[in-house]
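Throughout, read-outs are computed from the coordinates displayed, never taken from laboratory work. All values reported here derive from a predicted model rather than from experimental measurement. Every residue, glycine among them, receives a Cβ derived from its backbone with ideal geometry; neighbour counts consider all protein chains shown.
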Amino acid sequence: MTQRWIETRKKVSAKLNDPELNNIPLRSLRNYSAAQLYLSLPTRDIIHVMRHLRHKKIETTMHYIRGIVLDDEDEQEYDTTAVQTKEEAMNALNKGYTYTNTTPDGWMLYRKRK
């Protein structure tokens, strides 16, 4: 795996004419992959990340996760939608929206990150 990464890194470095790309270790690629996966999950599932990295112990995965700086929940931007029917709710879920709550007048509110 390491050898393939070195070969790929050299090809990309030559193609983009950027010799600094040869300094990126495979470990950094794994860290980036784990961080992107963790941040893309709506529930922040560490077990999913553990399986992605093929770790045997959760402590090893926690080492990667601790390095990720999470944005404050208030600073994140969301797309929102409000629906009343079951069909509209199913469409919202299929589009990646997450249920948040129901208003007193029967509107179901959904959101997803931008």
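Angle between the Cα long axis of helix 26-40 and the longest principal axis of the chain, 0 to 90 degrees, nearest 10? Once rounded, the angle reads 0 degrees. Residue-wise HN-Hα couplings along the stretch 97-107, as the Karplus relation 6.51 cos²θ - 1.76 cosθ + 1.60 with θ = phi - 60° gives them from phi, are 6, 10, 5, 10, 6, 10, 7, x, 8, x, 7 Hz; Gly and Pro carry x. Amide H to amide H distances under 5 Å link T98 with R111, K112, where only residues 5 or more positions off or on other chains count and H is placed in the peptide plane. Working note: Karplus 6.51/-1.76/1.60 with θ = phi - 60° gives the stretch 10-19 the couplings 5, 4, 5, 4, 5, 5, 8, 6, 10, x Hz, where Gly and Pro are set to x.
What is the magnitude of the charge dipole of the stretch 2-66 about its Cα centre, with +1 placed on the Cβ of each Lys and Arg, -1 on the Cβ of each Asp and Glu, and no other charges, expressed in debye to the nearest 20? Don't skip to the answer; put the middle values down first.
On the way: 13 positive and 5 negative charges, 50 e Å.
I would put it at about 240 debye.
When the convex hull of the Cα atoms of the chain is projected onto a plane and the area is averaged over all directions, what value comes out in nm²?
10.7
The charge dipole of the chain, taken about the Cα centre with unit charges on the Cβ atoms of Lys, Arg (+1) and Asp, Glu (-1), comes to about 1020 debye, rounded to the nearest 20.
Please give the FRET efficiency for I6 paired with R30, using the beta carbon to beta carbon distance and R0 = 22 Å, rounded to the nearest 0.05.
On the way: r = 15 Å, r/R0 = 0.66.
With R0 = 22 Å, the Cβ-Cβ based efficiency is 0.90.
If you run the Gaussian network model on the chain, springs between alpha carbon atoms under 10 Å, then out of A34, A14, A82 the most flexible one is A14. Here the contact order of the chain, divided by its residue count and restricted to Cα pairs under 8 Å and six or more residues apart, works out to 16 percent.
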